[in-house]
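Notes for the one structure printed next.
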Amino acid sequence: MHAFEYHRPSNVRQAAALLQKNEDAKIVAGGHTLLPTMKQRLAAPSALVDLGALSELRGIEKKGRAVVIGAMATHSDVATSDVVAEAIPGLAKLAELIGDPAVRHRGTIGGSIANNDPAADYPAACLGLGATIITNKRKIPAEEFFTGMFDTALEEGEIITKVSFPIPAKAAYAKFRNPASRYALAGVFVSKRGSDIRVAVTGAGSDGVFRWGEAEEALAKRFAPKSLDGMSPPAKGMNTDIHADAEYRAHLVGVMARRAVAAATGR
Amino acid sequence: MTGTGIGAPVRRKEDQRFITGKGRYTDDLTRPGQAHAYFVRSPHAHAEIVKIDKAAAEAMPGVLAVLTGDDLAADNIGGLICGWMIHSKDGTPMKAGAHPALAQGKVRYVGDHVAVVVAETLAQARDAAEAVEVDYKLLPAIAETAKARSSKVVVHDVAPDNTVYEWHLGDKDATEAAFKKAKHVTSLDITNNRLIPNPIETRAAIGEYDMGTDTYTLYTTSQNPHVARLVLSAFIGIAPENKLRVIAPDVGGGFGSKIFIYAEETVCVWASKKVGRPVRWNSDRTEAFLSDAHGRDHVTRAQLALDDSGKILGLRVHTIANLGAYLSTFSSSVPTYLYAPLLSGQYDIPAIYAEVDGVYTNTAPVDAYRGAGRPEATFVVERLVEVAARELGMDPAKFRKKNYIKRFPHQTPVIMNYDVGDYGASLEKALEMADYKGFNKRKRESAKKGKLRGIGFSSYIEACGIAPSQAVGSLGAGVGLWESAEVRVNPTGSVEVLTGSHSHGQGHETTFAQLVCERLGVDINQVNIVHGDTDKVQFGMGTYGSRSGAVGMSAITRAIDKVIEKGKKVAAYAMEASEKDIEFADGKFSVAGTDKSMAFGEIALQAYIAHKFSGQDLEPGLKEGAFYDPTNFTFPAGMHICEVEIDPDTGVTTIERFTAVDDFGVVINPMIVEGQVHGGIAQGVGQALLENAVYDESGQLVTASYMDYAMPRADDLPSFDVGMTVTPCPSNPLGIKGCGEAGAIAAPPAVINAITNAVGHEDVPMPATPRAVWHAIHKAKAPMAAE
Ligand SMILES: Cc1cc2nc3c(=O)[nH]c(=O)nc-3n(C[C@H](O)[C@H](O)[C@H](O)COP(=O)(O)OP(=O)(O)OC[C@H]3O[C@@H](n4cnc5c(N)ncnc54)[C@H](O)[C@@H]3O)c2cc1C
């Protein structure tokens, strides 16, 4: 790790000012992604702006027909929140499947989304629920937010403050874990809200999280696991690595999608 | 058995400090004035070093020295050695390429040591290391075991075809004859996956030079500090043995990887004199992945000859063993004498012939890892017999039983003379515990849920208690493999045991103390076990190969016997009786036929005050030493049974049941033994299902972190059913066989046999990852399409 300045602002405006002043500065939330890369010297920000003191970014509340989660809510906060469990149990379950207890008590939803790791879990929930990512500057629909592996619509110094998840009628997440890292090898989030049916896939696609249109169409006819029988996305767009080749990943997406629909429909 | 004697499940004495965070590991030690070393490592698998420019690094803040292979050469520091000479079939000695502690002219694997920076702080050392400019001329690399011999790449000039040796064992003609008369031949191609040991504590070293006495001290994470001192003195030439002290304090796991003498510790000792400051190094996890000696990595073709009744007639094995880029300390012996002599397994096999080609590749050195050679042998034998039984339509348990060795001692065709065992007893007990009878019912229940279920056996045997010095000497070992002990009784009757064994997780401070309790009748809190310091313990061969019980404790037993003999002499004077009338039992010396007796502690005091005898008749004091050289290997054996359920949709294997019945001979502490079995099985399951060190074609290590190298976790494992049978070992005074490696040896074939049973064919690689199993299931469903 190289030397860096450390700031711990007490509100979002201060944080934004520090980031603006300091071009190389980076936000640190849970630090579970950023600090390892700094220790390996793959990142060397001149300053860290720690959002840890911003209690305004921590809450979880139901607002109208949405659940709004503060960017600094930890995975454990989301996994154990009564509000989330009541409104979108599949989202609580997803948070519970991230990493291990240490990771869940440090890692945050804001950090996870900002990082957009192609194998991370939250991007599937954002896309699969049609979430809106709220920053200190604007509101960004999930479709426009995730712009490819490790890439987002965030501008320099822009701070995610909240994520708003519309409450679906039915939703669930099924994750096939990478045996080594336990990130998603194939993770599928499905939801149904009126006629809005979504199937979002993480971990599998070679360009990060994506919506699987063919499955959504099939589910629009009938929201049941059977509708997806024998279906899997084409292997062509899938990742290949030592843990899974494209063919296997594509197959897993189909299996996880059916399992997610089964869980969402209580089958 | 007393409450803390042999056979008692005494809680581990050392856990007080380990559990409360008071252990003292090398990295916990701070030496006055210490400086920090950081190694410049090769990012390339194979390259010539054209030039190293140190100037920029030397000018960086805090830098004390930047040292390279040239500096080593200028100081006449020798290379790292391989201590076991193997000869090829044609009689030629193995081709050992030079292994300098810092590269000279060439780098041969990613992580190879190029230079070291010593600086005031670790961060400064690391910054400067990045400023060392190394001009490499890239060379093509070879990483793949099976292709090493035909590759155009030459790793070492001394071995133009990358072949270290072409070794063989057994009777070729007799084996050919057995195959000629065979009614059935079972053939298998087997890849034994490469593993990275991953002890929790990474390697560390502190070298310290004392100008006043011209002596060095090395604090290091070693399983055998005396051997480290011997090698650093006699071969590498850092300092004479009497000028070098090696201390291995608390060590957090080794699994073999801390037996070896590595470049980093060598460099730290040497550099400490050059910079006039203690020099410390602590491996980070990435360095551990890249540069700890790896394990296994065999490619094997094996064949079993059978008659029409299912009796084994012969075994033929050809193995290519990847030894990595350099020969590590004991690497040459692992795929040869630690492997092929176990190929008879538990079976009466009249003829065996094994050929092993050791090869160089541009990968990290490969050496002993938990089980060392024996897991590889067991995997070959237990896969073969399982498949043979299936091919002959015989029950695999019955097939094994039919072929078990039933009379002892038994001379195998591959060196080993098995002294004792009862393989049928372990098998019966395991079948019972595993409810083998109920398997078909469970399989039907799984099928109802759409799952596949399979069961697999592993009748393993290993050779432990290594080893009779004369025997290993005749096979090429550079050292003897006895053990030493010294038992020092203090005037108040408390006892210190100095041992050449080294504990790095095995619980010696407890089990060795239990032996003293048992024999001398003293309280367990009155016993201290001292190990891991060459200034305290005179000499020892260290801990590996499950030798500390069978060999180390035998040495202690001998020393205790001498203490009792001396005690009897003292007691005779103290109680004014004839020495031949003195008896010792339950911690008391008594005069036969009288009610006169004195406690062990009282006699100890008499020995030291020396008031009751003259110095002409008896030496004062109570302290005895012993060297114990075993007369044979020991042969722990047993039966492990694994039952799996597989989700055909995902290929995920779940271990539903794991039964282990082991015969370790006499058990000192059943709780510790059970813990060793659990840990061993976890590592064995790790190899079977998860762990795999992968190099790509260019020689880059793809699995250089836990993101890609899958370690077994608690939720990958079931609760184990562990049982024991006992046939005491006849060749050592305690009847101990050893238990440290059994699980890692037995588990992989049990797991793979269970998976192949579930899937319905043998073509499942190890590790059987979900992906591999899923593809295997699909292959079974569409055999034509796959051809
Ligand atoms: C062992 C381990 C296992 C893991 N397993 C999983 C897993 O199974 N699934 C999974 O999804 N993830 C997993 N993770 C990742 C974990 O969830 C991370 O915590 C998360 O991805 C990043 O969150 P963080 O709060 O730690 O962010 P940090 O590391 O602090 O930051 C990450 C990046 O986001 C930026 N950032 C942080 N907060 C904001 C914000 N509010 N606005 C704008 N930018 C911001 C930072 O500048 C940085 O670039 C794992 C991590 C570890 C260490």
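The values are calculated or read from the model by the stated rules, or taken from the named source; none is laboratory data. Computed from a predicted model, the values in this text were never measured in an experiment. Methodologically, a virtual Cβ is constructed for each residue, glycine included, from the backbone with ideal geometry; neighbour enumeration extends over all protein chains shown. Please note that ligands, DNA and RNA were not included when accessible areas were found on the heavy atoms of the full protein model with its side chains. Shrake-Rupley method; radii C 1.70, N 1.55, O 1.52, S 1.80 Å.
Heavy-atom accessible area of B:Y209 with all protein chains present, probe 1.4 Å, nearest 10 Å²?
Per-residue accessible area (B:Y209): approximately 40 Å².
Could you order B:E58, B:E130, B:E741 by accessible surface area, starting with the largest, using a probe radius of 1.4 Å?
My answer, sorted largest first, is B:E130, B:E58, B:E741.
May I ask you to work out the translational diffusion coefficient for the protein assembly as shown at 37 °C, viscosity 0.692 mPa s, via Stokes-Einstein with Rh from the Kirkwood sum over Cα pairs, reported in whole µm²/s?
Rounded to a whole number, D works out at 104 µm²/s.
Where a Cα-Cα gap under 15 Å defines reach, which aspartates and glutamates qualify for B:K449, not counting those fewer than 8 residues away within the same chain?
Once the sequence-local aspartates and glutamates are set aside, what remains near B:K449 is B:E645, B:D647, B:D649, B:E656.
Take segment B:560-671, compute every pairwise Cα distance, and split them into 10 Å bins from 0; I just need the percent in each bin.
So the P(r) values, bin by bin, are 12, 26, 16, 15, 11, 9, 8, 4, 0.
Quick check: convex hull over the Cα atoms of segment B:333-491, volume per residue in Å³, rounded to an integer?
Convex hull of Cα atoms, per residue: 249 Å³.
Given segment A:170-265, what count of lysine pairs have C-alpha atoms under 18 Å apart, with each pair 8 or more places apart or on different chains?
5
In segment B:158-202, carbon and sulfur make up what percent of the accessible area (probe 1.4 Å)?
Of all accessible area on segment B:158-202, carbon and sulfur atoms account for 53 percent.
Please calculate how many Å² of accessible area chain B carries per residue, with a 1.4 Å probe and no DNA, RNA or ligand atoms counted.
36
Do the sum for chain B: with -39,500 (n - 2.57) for every DSSP H run of n ≥ 4, divided by all residues, what is the mean residue ellipticity at 222 nm, to the nearest 500 deg cm²/dmol?
Calculated at 222 nm, the ellipticity per residue is -8000 deg cm²/dmol.
If you take the Cα atoms of segment B:150-224, find Rg, then find the Kirkwood Rh from the mean of 1/r over all pairs, what is Rg/Rh?
Dividing the radius of gyration by the Kirkwood radius yields 1.24.
Mind checking which lysines have their C-alpha under 21 Å from B:K180, skipping anything on the same chain fewer than 8 residues away?
Filter leaves B:K172, B:K311.
Note down the Stokes-Einstein diffusion coefficient of segment A:170-265 in µm²/s, whole number, using a Kirkwood radius over alpha carbon pairs, 37 °C, and 0.692 mPa s.
Once the numbers are plugged in, D ends up at 254 µm²/s.
So what's the projected area for segment B:697-745, the Cα convex hull averaged over all directions, in nm²?
7.0
Could you sort the residues of segment B:739-781 by number and keep only those whose accessible area is reduced by 50 Å² or more in the all-protein-chain setting relative to the chain alone, 1.4 Å probe?
Listed by number, the residues meeting the 50 Å² cut-off are B:R771, B:W774.
Just by accessible area at a 1.4 angstrom probe, what is the order of B:S501, B:S474 from largest to smallest?
Descending order: B:S474, B:S501.
What number, in percent, do you get for the relative contact order of segment B:86-186 if the mean sequence gap of Cα pairs under 8 Å and at least 6 apart is divided by its residue count?
With pairs under 8 Å counted, the relative contact order is 33 percent.
If the cut-off is 17 Å between C-alpha atoms, which aspartates and glutamates fall inside it for B:K13, apart from same-chain ones fewer than 8 positions away?
B:K13 reaches B:D250, B:E496, B:E509, B:E518, B:D523, B:E674.
Please compute the Cα-Cα pair-distance distribution of segment A:1-160 with 10 Å bins starting at 0, giving whole percents from short to long.
Spelled out bin by bin, segment A:1-160 gives 10, 41, 38, 10, 1 percent.
Can you tell me how much longer the chain between B:K449 and B:E583 gets when fully stretched, taken as 0.36 nm per residue apart minus their C-alpha distance, in nm with one decimal?
41.4 nm
Between chains A and B, what is the buried accessible area in Å², counting both sides, with a 1.4 Å probe and ligands, DNA and RNA left out, to the nearest 100?
2000
What Kirkwood hydrodynamic radius, in Å, does segment B:434-518 give when the mean of 1/r is taken over all pairs of distinct Cα atoms and then inverted?
18.5
Output the relative contact order of chain B, whole-number percent, from Cα pairs under 8 angstrom with separation of 6+ residues.
16
List the residues of segment A:247-267 whose accessible area drops by at least 50 Å² when all protein chains are present, compared with their chain alone, using a 1.4 Å probe and counting only protein heavy atoms.
So the qualifying set is A:Y248, A:H251, A:R259.
For segment B:669-785, just list the percent of Cα-Cα distances falling in each 5 Å bin from zero outward, please.
Whole-percent P(r) values from 0 Å outward: 2, 10, 15, 17, 15, 14, 11, 7, 5, 3, 1, 0, 0.
If you look for lysine pairs in segment A:5-166 that are eight or more places apart or on different chains, how many of them have Cα atoms under 29 Å apart?
Close lysine pairs under the 29 Å cut-off: 21.
What number, in percent, do you get for the relative contact order of chain A if the mean sequence gap of Cα pairs under 8 Å and at least 6 apart is divided by its residue count?
15
Hey, if you put +1 on the Cβ of every Lys and Arg and -1 on every Asp and Glu Cβ in chain B, which of B:S309, B:G207, B:T634 ends up farthest toward the positive end of that dipole?
Most positive-ward Cα: B:S309.
Could you give the accessible area per residue of segment A:170-265, probe 1.4 Å, as a whole number in Å²?
Per-residue value: 37 Å².
Given the protein chains as shown and a 1.4 Å probe, how many square angstrom of B:F600 are accessible, to the nearest 10?
10
When the accessible area of segment B:364-447 is computed with all protein chains present and a 1.4 Å probe, what percentage of it is carbon and sulfur?
Accessible surface attributable to carbon and sulfur in segment B:364-447 totals 53 percent.
For chain B, would you read off the P(r) tail past 40 Å as a percentage of all alpha carbon pairs?
38
Taking a quarter of the surface of the Cα convex hull of segment B:467-514, what do you get in nm²?
That works out to 4.6 nm², a quarter of the Cα hull's surface.
With +1 on each Lys and Arg Cβ and -1 on each Asp and Glu Cβ, and nothing else charged, work out how big the dipole of the protein assembly as shown is about its Cα centre, in Debye to the nearest 20.
2800
Pop out the carbon and sulfur fraction of the accessible area of segment A:176-267 as a percent, whole number, probe 1.4 Å.
48
For segment B:685-734, state which residues have at least 40 Å² less accessible area in the presence of all protein chains than in their chain by itself, taking the probe as 1.4 Å and leaving out ligands, DNA and RNA.
Hits at the 40 Å² cut-off: B:M707, B:D708, B:R713.
How much of the calculated P(r) for chain A lies past 28 Å, in percent of all Cα pairs?
32
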